[in-house]
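Below is one structure, written out as C-alpha cells, with a few remarks after it.
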Amino acid sequence: MKKKLQFGLLAGLAVAALTASVTPQFGAQAAPAIPQAGQDAVAASATLATEAQPQHRRPPKKKPLSGLRILMSNDDSMQASRANGKDGIGMYDMRKSLCAAGADVVVIAPWGYMSGAGGSVTNSGTLTAERRTALPAGYESDCGMAPSGGAVYGLCRGTVCTPDTPSATPADTVKFALHDGLKALVGWKGAPDLVVSGINSGPNVSASINDSGTVAAAIAAIDNGVPAVAFSGHVEPVSDTVTRPTYLAAADFGADLIGKLRAKRLLTDAYVVNVNYPDVTNGQNPGRPVWTRVGQGTFGVHTYQPTEAGSKSFTIGWAVCPAEHCIDEPRRDADSTALFAGKITLTALTRDRTLQTGQDARLRKEVQSGRLMG
C-alpha cells in the first residue's frame, strides 16, 4: 500500500538547522577488476571480515523489522572480495543488521563494480542471475534463518557470469527484481516491502547524486511503487576508503532507522530517503541525524588529461575541491556541508525533476503567452 507523503514527520527525525561548514575531503575511487566468482572470489574478504575491528551491536530482543521483505542492491557489486572493501562489503554489513532485526532479505546486485553508472539501463540482450553459494567470510549465516534463506544473486549481461562478463547496472537489478525476477528466483509473490541500496563505498551528496548508481537503484524502486532507502558511508581521508567502524556503525544505524520509519508509517514510494553516514574511524560521535537538502555545489570533479601531447585519448581522474571547475556550495543546509562536518544526513529525493522553486516563472510566462512560437 502506498503511503502518503509526510515530509514534516520525516524531517522531525533530524535537526533542520546547520551552521557549520568545512572543506570537503573525498578522493578518487578506482574501479576494481571483477574477481573470480564463487569460492575463488571470497578468499581476500576473510582478512577484511576477521580483523580485530568493532563488531555489530547485539541484535535487539524485539524484532522491529519482523515480517518485512527487503530487496537489497548497490553499485559496488556483490563480490566483496577486496581488502579495501570498495566492492560491496558494506552491503553485507547492512544485510547482517537488517536480518538481525528480523527482515527477510534477498540480494540482487550488480555482478561487477558499477560505481557512477547513474540510472543507466540495459535495453537488449540477456541478463543472468548467478546465485552466490560461498558468501564472504564472516557473513555466511547472517540471514540463514530468514524465510528466503538469505539468497544473494549477482546480475550480469550475458548467458553466463564469468570474471570477464559485463555487469548489469544498479537500475537493471531493481527493475529485473521487481519485474518478476524475485518471483522466479525466490518465489516472492508481489513486490517487496522495501528496497535498500548500499552501503556505498563513499558519499552520495550534492552533484554526485546525479551520477550515483546507489541512488539510481533506489529511484528505480519508487518508480515502480516500492519504498526505498539509499545508504552511503563517508571515506576516511588518509586511506580514501570507508573503514570497518564506519560500515558497522552505518549498518546498525540503518536497521534502527528503517524500524523507526516503519513504525511511523514513513516508508513510502513518494520519495527515497538518502542517508549519508560520516567517517567514525577514530570513534567520532556523529550525534543525531540532520535534515538536509541536496547541495548545489561540487566537492570533487572529474578530470581529463591527454595521454600524451596532441593525443585524442584522455585519462580520467578525480580532483578534490578546491580545484578547477569546482562550484562553491550556496546552501547552508546542504547534505555535503553537514556530512563533511561529521553529521549523519537524511535527504528526501523524488523522481519528479519538475522545478518547484518559482525560478521558472519567466520561462513559463513566455511559453504560455505563445511568444516562443513562430
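The values are calculated or read from the model by the stated rules, or taken from the named source; none is laboratory data. Keep in mind it's a predicted model, so treat the numbers as computed, not measured. Because the Cβ atoms are built from the backbone with ideal geometry, glycine has one as well, and the counts that use them run over all protein chains shown. Surface areas here come from the heavy atoms of the whole protein model, side chains and all, with no ligands, DNA or RNA. Shrake-Rupley method; radii C 1.70, N 1.55, O 1.52, S 1.80 Å.
For the pair Arg351 and Cys326, what calculated FRET efficiency results from E = 1/(1 + (r/R0)^6), where r is the Cβ-Cβ distance and R0 = 30 Å, to the nearest 0.05? Mind dumping the intermediate values first?
Details: r = 28 Å, r/R0 = 0.94.
About 0.60, to the nearest 0.05.
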Original post:
Ignoring ligands, DNA and RNA, what percent of the 1.4 Å accessible area of region 256-374 is carbon and sulfur?
Top reply: 50
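Which order do Met114, Met78, Met145 take when ranked by solvent-accessible area (1.4 Å probe, heavy atoms of all protein chains), largest first? Each step should come with its number before you reach the end.
Numbers: Met114 40, Met78 5, Met145 185 Å².
Largest accessible area first, the residues go Met145, Met114, Met78.
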**OP:** Output the peptides 124-131, 149-156 sorted from most to least packed, where packing is the average of other Cβ atoms within 10 Å over each peptide's residues.
**Re:** 149-156, 124-131
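If you roll a 1.4 Å probe over region 50-175 with all protein chains in place, what percent of the accessible area is carbon or sulfur? Provide the component values of the computation, followed by the final result.
On the way: 2510 of 5050 Å².
Solvent-exposed carbon and sulfur of region 50-175 make up 50 percent of the total.
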Subject >> Spin-label pair Ser313/His56, simplified geometry with 7 Å Cα→Cβ offset, distance in nm >> reply: 4.5
Original post:
So what are the radius of gyration and Dmax for the Cα set of region 268-309, in Å?
Top reply: 17.5, 53
Subject >> Environment charge at Leu98 (Cβ cut-off 12 Å; Lys +1, Arg +1, Asp -1, Glu -1) >> reply: -1
**OP:** Could you let me know the centre-to-centre spacing of region 77-117 and region 245-283, using Cα atoms, in angstrom?
**Re:** 15
